[in-house]
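Take a look at the structure below.
The values are calculated or read from the model by the stated rules, or taken from the named source; none is laboratory data. The model shown is predicted, which means the values in this text are computed figures rather than measured ones. Because the Cβ atoms are built from the backbone with ideal geometry, glycine has one as well, and the counts that use them run over all protein chains shown.
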Amino acid sequence: MNFPILSSLILLPVIGALFLFFTKDKEGNNLTAKYVSLFTTIVNFLISIYLWISFEQSTSSFQFIEDREWINGFINYKVGVDGISILFIILTTFITPLCIISVNNTIKVRLRDFLIAILIMESFMIGVFCALDLVVFYLFFEAGLIPMFLIIGIWGGPKRVYSAFKFFLYTLLGSVLMLVAIISIYWISGTTDVMKLYELGIDAKYQNLLWLAFFSSFAVKTPMWPVHTWLPDAHVEAPTAGSVLLAAILLKMAGYGFIRFSLGLFPIASEIFTPLIYTLSVIAIVFTSLIALMQEDMKKLIAYSSVAHMGFVTLGIFTIQQQGIEGSIIQMISHGLVSAALFLCVGVVYDRMHSRLISSYGGIVTIIPKYSVLFMLFTLAALGLPGTSGFIGEFLILMGAFKDNFLVAVIASLGVILGAAYMLWLYKRVVFGKLINTDLTKMVDLNKSEYFILTCLAVPTLFFGFYPDPLINTIEVSVNDLINTYNSNLIKK
Amino acid sequence: MENLNLVLSEIFISLSIMFLLVLGVFKKDSSKLIFNISLLVLLITATITLNETSNINRATLFNNSVVIDYMSSLMKIITLIGAFLVLVISSNYLKTFKIFKIEYPILILSSVLGMMVMISSNDLMVFYIGLELQSLALYVLATFNRDQLKSSEAGLKYFVLSALSSGLLLYGCSLIYGFSGSTNFDVISNQLNSTNYVLTFGIVFILVGLAFKISAVPFHMWAPDVYEGSPTSVTLFFTMVPKIAALTVFIRFLYVPFLNLIDQWQMIIIFLSIASMLFGAIAAIGQTNIKRLIAYSSIGHIGYTLAGLATGSNEGVQSSIVYITIYVIMNLAFFSCLLMLKRNNQYYEDIDDLSGLSKNHPLLSLSLLVILFSLAGIPPLAGFFAKFYIFTAVLEQSMYFLAIVGLLSTVIAAFYYLRIIKIIYFDKEKEKYDGDHSLWLKFSLSFSTILILLYFIFPSQLIEVVSRINII
């Protein structure tokens, strides 16, 4: 197939953004801008679904490859997908239109600019997941900082400036070392093409330092303990749509990066540093779960729970077991859906009551029952109840971990209990209990668009919880091949 | 008989300067005419340079003291275009301050002439003459708004410190002459004896002088004061054009006669580079005046350019030239924005004056956003590629320390660029600025911004142009 489907996925949102740029910005409810951006992202979603349908699941090699000369004789613009990246692309194209629908209620000023930022963000995120050249990957990875910085800074809460700066500088600091590593790889191996690098392998003596440089970038972005502190700030201050993008997709870039680059390119170093990752992941799981228990701000609580969930992800990736890595990927997809939904749920009550404090709610189950049911579903999905997609991910990760390291798996399992504790406690305090704050009685239940968004997120959460085969089939061959390459590279050197 | 065709552009520009001077004396109120003629002269000179030298590999003139090669032509063209753009966007500014006089374009032309001589020099004497010609013109330009105390102060400061550095430079020249018996770069290169440490002293003195001219740390002290005090259009000139010429001399001086002594000078350049990058980034954080901030930012950018020079490889030199070219474009864009901050015949140059600009001037602030992120080196903008090439060249020589320090200082630098963006986008708005700008100003801003924004689509073109430079 010659049609450049991946490039069109990347370009389409930019074209939409350009179109918006030339429309006039109206104050208040700018319907043109909303429809244009919604149309663009839905078309993008349909293209990505088409991509999934025509994707050949039985092979682990990259598909839909486009290879163009870019910086002459030096770097090619190369994109392509395999079983792992295609799911993230679909996640991105699925979440973005929902974000755009959700701005109805949250963004009051400069709606057009906000939508432009979201569209550009989408194109960068898709670029990250299909880049097959390290420099192209870095370009998209870093470029995403610009729209996110603006989203937090312009439309965020009261402490937005601090959060935006912290987000930007933390991530940039982590990433510049990755740039050094990428350029070094070019001089060591003569190419930055990921597929060629997979074949060639990288000299063992360089791997440790290069791994650490990549780690510094991914660890900040994941975020892993102890460099996770930017995340709660960014989440709390970002507008709802920004939080959703951040939690659902941005964090996944790092998990994807770990699988694609740390495991794929540096197997020897990965083997050496696995204990480090295990330690940090276990600390993240237990420690941030405990922190989450004590939060009074709903958004902050969910932000910390994200850190804990990403701890599971990194743990699963570095088990280097089929189940562990598959579990991590499913956990990322599931977390993408569930955390997006949870942030939207917080957004719903915040729009009505303008408070994110847990203590200002309580007993709203009788007032807004529809909301309470959906919130319940996502709470249970977040704590990994069987029948939701969260369970599949966590279960597979723990299964992989038990095969690899019993102690780590036991401690991580503790995190599951803690996760149940803070999520259920949150739900209890917000939804059940006595109705003390009488203002709450004026709350209206979900409107149509909110109901639509949350249902859209609930369906795949449940569907993949009962029937994860579509996901597993897609990734299975690629993950299997990844592990084989990993092991053979390990023996070869 | 020498082939004078090769220096036709220099001859043309010097004749034009004399003609314009005479014209200015005899014709009253001719400032506008002279201004326009000067623009034309710059363009014609650029065309001549392009034509005469496009098919010449390397030619020397006047006892090997002047060299015409691909690098010199390229750098001359960049200089001329830079000077043209500076001149063309500064006319409104000059008129506002009532300093739209005949001397202004003529001084710019003569400093450009000096730079062209510098760029072509293959001899310490010729190089010094060119340097002094451009510096003398620049001293006067710095004080051009002579009714303002700050402008006079800037010119005087620049003059005194620059004279000192010229003295050091001359001292270095005399040492080198004493130990090699010639001032010609080619002869020096043949006479080199790497065990001779006095020669190293000579190199150090000359490097100090040159570092002063491009304001590399620790010889940067004049830059913030001079940049702040000079009229904005002159500051724009300072930040762009002389740096191109000085960089060329830097390259030629280090790579033609003294390449074999790379062990001696490499450490110095690395030090200058690291110090400039770090100091430029850290000192800019506390600034409140945009011009001062740009002074420190330009110190930082010179640090990156020097990092390319420190490699001692062709790729390094090429990456430095790419960097300075992109930097010139970014600076042009930034100053175009600065020249638009006008209200009631007054120009504003404090960072706080940008507060909430995005509400009243969405397009201007969008351009600033692009420019500032590009200056900070965030992909996919042109500034990222500039840094990318530099660090590619640096890492090719396995200079990991330099690369890591350089990239970490971009993070520090990102902070103050972000601060400006924060003020533009997140803060409360102020009064509106005037919207009626000259067509040229709008053109230069939109053109350079689009270039920065879309550079990533065609990153090869600029490299292709530069990659023909083979200095080693």
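A count restricted to segment A:110-168 and to residues that are within 9 Å of another protein chain (Cβ to nearest Cβ) and outside any helix (DSSP H, G or I) stands at 2. Please go through segment A:283-297 and give me each residue that is surrounded by fewer than 24 Cβ atoms within 10 Å (Cβ to Cβ) and assigned to a helix (DSSP H, G or I), ordered by number. Correct list: A:283, A:286, A:287, A:290, A:291, A:293. Considered as a group, the residues in segment A:193-211 that are within 12 Å of chain B (Cβ to nearest Cβ) and among the aliphatic types (A, V, I, L, M) include one that is nearest to residue A:139 (Cα to Cα), and that residue is A:210. Identify, please: which residue in segment B:401-435 is more than 30 Å from residue B:355 (Cβ to Cβ) and more than 7 Å from chain A (Cβ to nearest Cβ) and is, among those, surrounded by the fewest Cβ atoms within 10 Å (Cβ to Cβ)? Among them, the one singled out is B:401.
To keep it simple, each residue is scored yes or no on (1) surrounded by fewer than 23 Cβ atoms within 10 Å (Cβ to Cβ); (2) without any contact (Cβ under 8 Å) to a residue 60 or more places away in the chain; (3) not in a loop (DSSP other than H, G, I, E, B).
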residue: B:170; (1), (2), (3): yes, yes, yes
residue: B:177; (1), (2), (3): yes, yes, yes
residue: B:186; (1), (2), (3): yes, no, yes
residue: B:205; (1), (2), (3): yes, yes, yes
residue: B:233; (1), (2), (3): no, no, yes
residue: B:237; (1), (2), (3): no, no, yes
residue: B:245; (1), (2), (3): no, no, yes
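Against the conditions (1) among the hydrophobic types (A, V, I, L, M, F, W, C); (2) over 19 Å from residue B:325 (Cβ atoms); (3) in contact with a Ser or Thr (Cβ under 9 Å, 6 or more places away or on another chain), where does residue B:203 fall short? Just the number, please. Residue B:203 satisfies every listed condition except (3). The set of residues from segment B:57-72 being in contact with a helix residue (DSSP H, G or I) (Cβ under 7 Å, 6 or more places away or on another chain) and either surrounded by fewer than 18 Cβ atoms within 10 Å (Cβ to Cβ) or in a strand (DSSP E or B) (or both) comprises B:59, B:61, B:64, B:66, B:67, B:68. Residue check: residue A:68 meets all listed conditions (1) in contact (Cβ under 8 Å) with a residue 60 or more places away in the chain; (2) in a strand (DSSP E or B); (3) within 14 Å of chain B (Cβ to nearest Cβ) but one, namely (1).
Scanning segment B:256-269 for residues that are out of contact with any Asp or Glu (no Cβ under 9 Å at 6 or more places or on another chain), farther than 13 Å from residue B:216 by Cβ and surrounded by fewer than 21 Cβ atoms within 10 Å (Cβ to Cβ) yields B:259, B:260, B:261, B:262, B:263, B:264, B:266, B:267. Scanning segment A:178-192 for residues that are more than 7 Å from chain B (Cβ to nearest Cβ), assigned to a helix (DSSP H, G or I) and crowded, with 22+ Cβ neighbours inside 10 Å gives A:178, A:181, A:182, A:185.
Would you say residue A:103 is more than 14 Å from chain B (Cβ to nearest Cβ) and over 25 Å from residue B:459 (Cα atoms)? Criteria met by residue A:103. Scanning segment B:367-383 for residues that are part of a helix (DSSP H, G or I), within 10 Å of chain A (Cβ to nearest Cβ) and touching a residue at least 60 places away in the same chain (Cβ under 8 Å) yields one hit, B:370. Just to be sure, is residue A:384 touching a His at 6+ places or on another chain (Cβ under 8 Å) and within 27 Å of residue A:319 (Cα to Cα)? The answer is no for residue A:384. If the condition is being in contact (Cβ under 8 Å) with a residue 24 or more places away in the chain and in contact with a strand residue (DSSP E or B) (Cβ under 7 Å, 6 or more places away or on another chain), then segment B:44-60 contributes B:53, B:56, B:59, B:60.
Per the conditions (1) in contact with a Lys or Arg (Cβ under 7 Å, 6 or more places away or on another chain); (2) within 17 Å of residue B:469 (Cβ to Cβ), the sole criterion not satisfied by residue B:309 is (1).
Please work out which residue is nearest to the chain's Cα centre (by Cα), limiting yourself to segment B:134-172 and to residues that are within 16 Å of residue B:224 (Cα to Cα) and of a type in the set (Lys, Arg). For segment B:134-172, the residue satisfying everything is B:157. Number of residues in segment B:386-400 that are at the interface with chain A (Cβ under 8 Å from one of its Cβ atoms) and within 22 Å of residue B:330 (Cα to Cα) equals 3.
Being out of contact with any Phe, Trp or Tyr (no Cβ under 9 Å at 6 or more places or on another chain), within 13 Å of another protein chain (Cβ to nearest Cβ) and within 21 Å of residue B:282 (Cβ to Cβ): is that true of residue B:363 here? It is false that residue B:363 is out of contact with any Phe, Trp or Tyr (no Cβ under 9 Å at 6 or more places or on another chain), within 13 Å of another protein chain (Cβ to nearest Cβ) and within 21 Å of residue B:282 (Cβ to Cβ).
The numbered conditions (1) within 14 Å of chain B (Cβ to nearest Cβ); (2) touching a Gly at 6+ places or on another chain (Cβ under 9 Å); (3) not aliphatic (A, V, I, L, M) are all true for residue A:24 except (2). Evaluating residue A:238 against the criteria (1) surrounded by 22 or more Cβ atoms within 10 Å (Cβ to Cβ); (2) closer than 27 Å to residue A:347 by Cβ; (3) away from chain B (no Cβ under 14 Å) leaves one unmet condition, (3). Scanning segment B:385-400 for residues that are surrounded by fewer than 18 Cβ atoms within 10 Å (Cβ to Cβ) and in contact (Cβ under 8 Å) with a residue 60 or more places away in the chain turns up B:396, B:397.
Among the numbered conditions (1) surrounded by fewer than 17 Cβ atoms within 10 Å (Cβ to Cβ); (2) more than 25 Å from the chain's Cα centre (by Cα); (3) assigned to a strand (DSSP E or B), tell me where residue A:59 comes up short. Here residue A:59 clears every test but (3).
Of all residues in segment B:436-460 being surrounded by fewer than 13 Cβ atoms within 10 Å (Cβ to Cβ) and away from chain A (no Cβ under 14 Å), which is modelled with the highest pLDDT? That would be B:439.
Scan segment B:406-439 for residues that are within 24 Å of residue A:176 (Cβ to Cβ) and free of Cβ contacts under 8 Å to residues at least 24 places away in the same chain and the total you get is 4. Consider segment A:26-56 and keep the residues that are without any contact (Cβ under 8 Å) to a residue 24 or more places away in the chain and among the aromatic types (Phe, Trp, Tyr). The one that is surrounded by the most Cβ atoms within 10 Å (Cβ to Cβ) is A:39.
Quick one: is residue B:463 buried (at least 17 other Cβ atoms within 10 Å of the Cβ), touching a residue at least 60 places away in the same chain (Cβ under 8 Å), within 13 Å of another protein chain (Cβ to nearest Cβ) and out of contact with any helix residue (DSSP H, G or I) (no Cβ under 6 Å at 6 or more places or on another chain)? So residue B:463 fits the description; yes. Within segment A:412-446, the residues that satisfy the criterion of being aliphatic (A, V, I, L, M) and either outside any helix (DSSP H, G or I) or surrounded by fewer than 18 Cβ atoms within 10 Å (Cβ to Cβ) (or both) are A:414, A:417, A:420, A:421, A:424, A:435, A:436, A:443, A:444, A:446.
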